[in-house]
Amino acid sequence: QVQLVESGGGLVQAGGSLRLSCAPSGRTFGNYRMAWFRQAPGKEREFAAAISPSGTVTQYADSVKGRFTISRASAKNTVYLHMNSLKPEDTAVYYCAAASTYSAYAGMSKEYNYWGQGTQVTVSS
């Protein structure tokens, strides 16, 4: 079964940091655009960050730019989201996603054909 498994979520105080990991299984995602989306309670899922197959091109939502960094490692095609200067409004379930085909803008959720189960990030004030 093809899966993306997120980990690294938890409870952190405002201003703190967390690193999320997305570990693929069942296949390689080396030729996929990888991304992180997040969904707060009662809200639509929103784009946070994306990275190209090569790992050289990244995109960020305005809400996280300058605070979050997405990266990917060749080993197991693991994708990371380094989150710094966390704010209470960052509280959400964070989802890893993979897209085999995509357009220039990485924030279109419908372009992603694989999704993880999500990991909870809670930021307290």
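The values are calculated or read from the model by the stated rules, or taken from the named source; none is laboratory data. From a predicted model like this one, the values you see are computed outputs, not experimental measurements. Positions of Cβ are backbone-derived with ideal geometry, glycine not excepted, and every protein chain shown enters the neighbour counts. The accessibility values were calculated without ligands, DNA or RNA, using every heavy atom of the protein model including side chains. Shrake-Rupley method; radii C 1.70, N 1.55, O 1.52, S 1.80 Å.
Measure off, as a whole percent, the carbon and sulfur share of the 1.4 Å-probe accessible area of the chain, all protein chains present. All intermediate terms of the calculation are to be shown ahead of the outcome.
Numbers: 3030 of 6330 Å².
Solvent-exposed carbon and sulfur of the chain make up 48 percent of the total.
To the nearest whole percent, what portion of all C-alpha pairs in region 25-124 is separated by more than 15 angstrom?
Distances greater than 15 Å cover 58 percent of the Cα pairs.
Using 7 Å Cα-to-Cβ label points, what is the residue 84/residue 109 separation (nm, one decimal)?
2.9
So how far apart, in nm, are the two label points at residue 44 and residue 2 if each is 7 Å from Cα heading toward Cβ?
Each label point is offset 7 Å from its Cα along the Cβ direction, giving 2.6 nm.
Gap in Å between the Cα centre of region 11-84 and the Cα centre of region 93-116?
Spelled out, the Cα-based centre of one part sits 11 Å from the other.
Quote the charge dipole size of the chain about the Cα centre in Debye, to the nearest 20; the model charges only the Cβ of Lys and Arg (+1) and of Asp and Glu (-1). It would help to have the intermediate numbers written out before the result.
Working: 12 positive and 7 negative charges, 45 e Å.
Dipole of the chain, to the nearest 20 debye: 220 debye.
In 5 Å bins starting at zero, report the fraction of Cα pairs in region 1-73 per bin as a rounded %.
3, 13, 21, 27, 21, 10, 4, 1
Could you point to the residue in 103, 41, 23 farthest towards the positive end of the chain's charge dipole, with +1 and -1 charges on the Cβ of Lys/Arg and Asp/Glu respectively?
After comparing all options, I get 23.
With θ set to phi - 60° and the Karplus curve 6.51 cos²θ - 1.76 cosθ + 1.60, what are the ³J(HN,Hα) couplings of region 86-103 in order, to the nearest whole Hz, using x for Gly and Pro?
Along region 86-103, the couplings run 5, 10, x, 5, 7, 4, 4, 8, 9, 10, 8, 9, 9, 10, 7, 10, 6, 9 Hz.
Based on the alpha carbons, how large is the Rg to Rh ratio for region 53-104 when Rh follows Kirkwood? Intermediate results must be reported in sequence, preceding the final value.
Values: Rg = 12.3 Å, Rh = 12.7 Å.
Checking Rg against Rh, the ratio lands at 0.97.
Can you pull the three principal axis extents for the Cα set of region 79-123, in Å, largest first?
Principal extents (Cα only, largest first): 33, 22, 17 Å.
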